[in-house]
1. Can you list residues from other chains, or at least 5 along the same chain, whose modelled amide H is less than 5 Å from the amide H of ALA40?
2. Using the crude model of +1 on Lys and Arg Cβ and -1 on Asp and Glu Cβ, and no other charge, please compute the dipole size for the chain relative to its Cα centre, in debye to 20.
3. Taking a 24 Å limit on the Cα-Cα distance, which of the listed pairs LYS215/LYS537; LYS185/LYS261; LYS60/LYS411; LYS385/LYS661; LYS125/LYS537 fall beyond it?
4. Taking the Kirkwood radius as the inverse of the mean 1/r across Cα pairs, report the Rg/Rh of region 434-507.
5. Applying the Karplus parametrisation 6.51 cos²θ - 1.76 cosθ + 1.60 with θ = phi - 60° to the phi angles of region 64-77, what ³J(HN,Hα) value in whole Hz is obtained for each residue in order, glycine and proline being reported as x?
6. Can you tell me the dipole magnitude for region 117-225 around its Cα centre, using point charges on the Cβ only (Lys, Arg +1; Asp, Glu -1), in Debye to the nearest 20?
7. Please state the shape class of region 451-604: rounded when a/c is under 1.5, otherwise prolate if a/b exceeds b/c and oblate if not, all from the C-alpha gyration tensor.
8. 7 Å from Cα along Cα→Cβ at both SER513 and ALA556: what's the point-to-point distance in nm?
Amino acid sequence: MKRIFLLICFLCCLHTLLAQTVYNVSGTIRDTTGQEMIGANVWLMAGRDTMHTISNDAGKFIFRNVPQPVFTIRVTVIGYDTWYHEFSYKEAGTQIDLPLIKLSIKTSTLKEVVIKGSLSPVVMKEDTIEYRADQYHLRANAVAEDLLKRLPGMQVDMEGNVQTMGKRITKVRINGKDFMITDIKTLTRLLPVDLIDKIQLIDDYGDLARATGRKTGEPEKIINIQTKADLEKVYQGQALGGVGNDGRYNAAVLANYFSEKQQLSINGNTNNISAQVGNTITSTVNANYRGNFSKEFSMNVGVIGGRTTSDMESLSTSKTVTTDGTLSSINTSNNSSRNDNYNINVGAEYKPKEGDMVNFNLNYSGNKSFNSSMNSAIQSGLQRKDQISTGLNNNTTPVFLAGLFASHRFKGLGRIVSMGLYVNTTKNNNLQDGIDSLRYYNPDSTIAKDSLLHQILDKKNNTFTSNAQLSYVEPLDSANSLELRYSVNYNHTDNGQETHWINPDGKTNFIDSLSNRYIYTMVQHQVELNFRRSKNKWDYTFGMRLQPASLTSSMAGGLNRAVVTSNKLVPVFRIQYKLTKQSMVSLSYSGNVIFPTYQQLQPVPDLTNAQFPIIGNPDLRPAFAHSVFFNYRTAGMNTLFVHLSGNFTQDKVVTNVSLVKDTFNTVKQETRFLNTNGDYNFRFIYGWSYRLADGKYNLFLDGNSSYNNNILYMDNVRKTGQNLMITQSVRANMLREFVELTTGVAYTYNRNVYVLQQNSITNIGTWNFNLNGKVYFLKTFSLGADVNKQLNSGYSGALSANPLMVNATLEKMLFKRKLTVRLQGFNLLDETSRLSQSISGNTVTENQNRLLGRYFMATLQCDLRLLKGK
């Protein structure tokens with residue numbers, strides 16, 4: 001009896017112990033603008049127990065060992081309404097993640113907590129740099145481009161292209177959702193800045209990184225435009241039309257509707273003034289819709305259509321270094337082109353609960369282009385030969401892409417499973433009809449013979465690409481976790497080429513030796529195990545990745561079949577340390593397989609340019625690139641961004657150039673390919689800004705330097721070419737009530753040492769001086785000017801241009817700024833050309849492009865908007 005009694009007591013005690021389950025409760029606090037609330041007081045009340053903590057630098061908090069899943073959370077911050085909510089998680093696991101907590105500013109204390117100039121103009125949040133629009137002294141009727149020009153780390157050129165840290169930005173989001181456009185300036189030059197609350201510069205590492213927190217490689221730079229949160233509904237419309245002499249015109253329309261649940265934007269533009277070089281007509285139209293149909297489900301649709309026609313004239317000189325001597329050429333070209341494109345994108349996102357997400361995207365796009373060209377080349381040096389080429393080129397490229405990504409977070413410690421599947425099919429049909437007229441000379445410069453080649457190249461390329469990835473994250477505790485990741489990339493390409501020669505009498509002959517059908521398949525697997533620790537100021541990931549890859553290629557019917565494999569084991573490494581709330585430093589490594597292209601693989605000659613035949617190598621191995629990245633950035637009243645990177649490529653595919661004699665005993669440059677080591681490069685980029693008098697005066701320093709050690713072969717002999725490029729700029733602006741003034745100077749030095757020959761060194765220097773100003777008078781008038789002077793040195797004697805570009809604008813605003821009358825003059829000094837340089841293989845080319853001549857425009861712009869506050 002005594003034993004039975006003791007057993008009953010033991011079972012009762014065991015039941016009591018098992019019943020004492022404890023919970024971990026965590027959450028994030030932000031205000032209505034999305035800013036993390038740091039140091040917020042948070043109370044948790046569960047039965048008779050009360051617990052207290054404060055939020056950290058990321059606005060996050062956590063309560064450990066909470067005795068029951070039913071509790072009340074109370075949050076207080078000075079100047080904000082007290083937040084209070086009851087929760088019941090009886091069916092949840094031991095890890096409870098609360099939905100986002102949003103605090104609202106107290107209306108009665110608004111004037112006390114909002115102090116002019118007290119907010120930092122730049123805020124750093126993990127992979128996002130956030131700029132507050134109201135800190136940049138913009139006038140009424142300013143547009144997004146005016147704001148971007150003032151932001152530290154951003155550069156906007158005269159054509160409206162946006163760059164940051166040496167990278168051009170082509171992708172835009174509005175309120176966190178992708179906005180489909182063909183050119184960023186079609187939006188930034190029309191969207192009114194008074195709708196914008198913040199501009200965010202995002203480092204996007206992809207869907208998997210957002211789900212797991214683990215980042216690999218170098219991110220894509222994306223601009224996110226955040227509209228003002230205190231606007232319940234926005235109706236905005238803008239239209240402009242302008243005409244000028246010489247047939248110049250510009251017309252655009254933008255209509256936006258924004259609400260908490262829906263976003264609709266329609267944009268159209270047609271003009272022949274968007275490009276400074278050549279004569280270009282651009283017409284585009286796009287529509288974007290985003291609907292939040294519930295808290296869990298949202299959908300977006302985007303449609304783009306456009307046409308671009310262009311006529312361009314250019315003059316260039318080129319030097320091709322060979323083992324037998326240097327080939328010099330003076331080239332002139334006239335090109336006319338038309339490009340039609342369209343894009344349809346449909347996406348849906350489903351988030352049934354915090355931590356779970358399904359994202360689906362479907363995209364279909366098409367491109368159809370036509371190009372006619374006439375090029376002439378006068379060759380001297382190693383040999384004398386003249387070439388005149390005319391060509392017609394038709395190209396069509398439909399592309400279909402579908403993607404599915406899903407992520408699920410389990411109850412408990414927070415295990416995460418993520419998977420992605422992406423497929424892409426591309427069909428490219430290219431028809432080239434070209435005529436090459438050649439004149440050969442004797443050593444005494446007398447004419448030896450004329451030759452004519454008329455050929456038609458019909459190229460078809462069908463490519464299927466797919467990618468599948470699977471990730472499992474196992475938390476070890478609240479700060480540490482393991483990830484097991486697998487992915488596979490598959491690429492199958494079927495490339496065909498038919499070559500026909502047409503005799504002078506018009507007879508067409510099929511050239512079998514220059515025609516082929518080449519098929520290749522590339523498969524790459526990745527198996528990765530990594531460990532991540534994220535606690536306090538440290539966030540680092542270490543691991544190993546196995547990357548086996550194979551490349552199978554053959555002619556049609558299985559002829560000349562080749563199989564190449566590689567198997568790389570590389571480290572996974574990324575470390576990030578948060579120095580202060582507004583500054584951080586990171587160091588990372590990335591290793592990637594780079595497969596050869598079909599042109600580098602196919603063994604049949606490509607005579608697109610008969611004087612420069614290209615023959616592939618089916619035995620090429622995949623290359624492997626090792627990259628190291630260092631980043632430092634600090635933001636606030638003053639900012640500093642620093643980027644250092646180095647890249648070394650094993651088995652890089654490089655050119656092997658040789659001179660082969662033709663039937664007239666002159667030479668053609670034949671290009672083949674092989675693998676080699678020794679190719680590397682370094683890059684250093686920085687941006688610094690200093691803010692004075694609450695942003696009325698600003699100073700900017702920017703630098704971009706790179707060094708490239710390029711390997712190439714000439715007649716199977718290894719050669720080296722080094723390229724050093726250094727760019728340094730300084731800018732300053734003054735932003736006052738009646739005047740805005742920006743001035744700057746930049747210098748670029750470009751040095752090329754070619755194949756270690758002293759006579760193959762080029763040193764190009766370019767100074768750019770810029771002055772941009774605008775004066776406001778009589779309340780509704782403004783007068784603006786943009787002056788840019790370029791000074792070039794080091795170019796060959798055949799090219800010379802130091803253009804001084806002067807533009808001027810007079811504006812008058814009417815009807816309470818709803819209508820703007822604008823008179824503009826462009827290129828007032830009628831400058832005709834500008835210079836640039838490019839390097840390809842063993843050839844250095846200096847280009848002189850023809851600019852748009854002087855013209856004047858008269859423009860009317862109408863701005864209408866209706867803003868409804870919450």
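1. Under 5 Å from the amide H of ALA40 lie the amide H atoms of SER55, each far enough along the sequence or on another chain.
2. Working: 92 positive and 70 negative charges, 480 e Å.
So the magnitude is around 2300 debye.
3. LYS185/LYS261
4. 1.54
5. So the Karplus estimates, Gly and Pro as x, are 9, 6, 6, x, 8, x, 10, 7, 10, 10, 10, 10, 10, 9 Hz.
6. Values: 17 positive and 17 negative charges, 11 e Å.
The dipole magnitude comes to about 60 debye.
7. Because a/c hits 1.5 or more and a/b exceeds b/c, region 451-604 counts as prolate.
8. In this crude spin-label approximation the distance works out to 2.0 nm.
Bear in mind these aren't lab numbers, they're just calculated from the coordinates by the rules spelled out. Given the structure is predicted, the values throughout are model-derived calculations rather than measurements. Cβ: placed from backbone, ideal geometry, glycine included. Neighbour counts: every protein chain shown.
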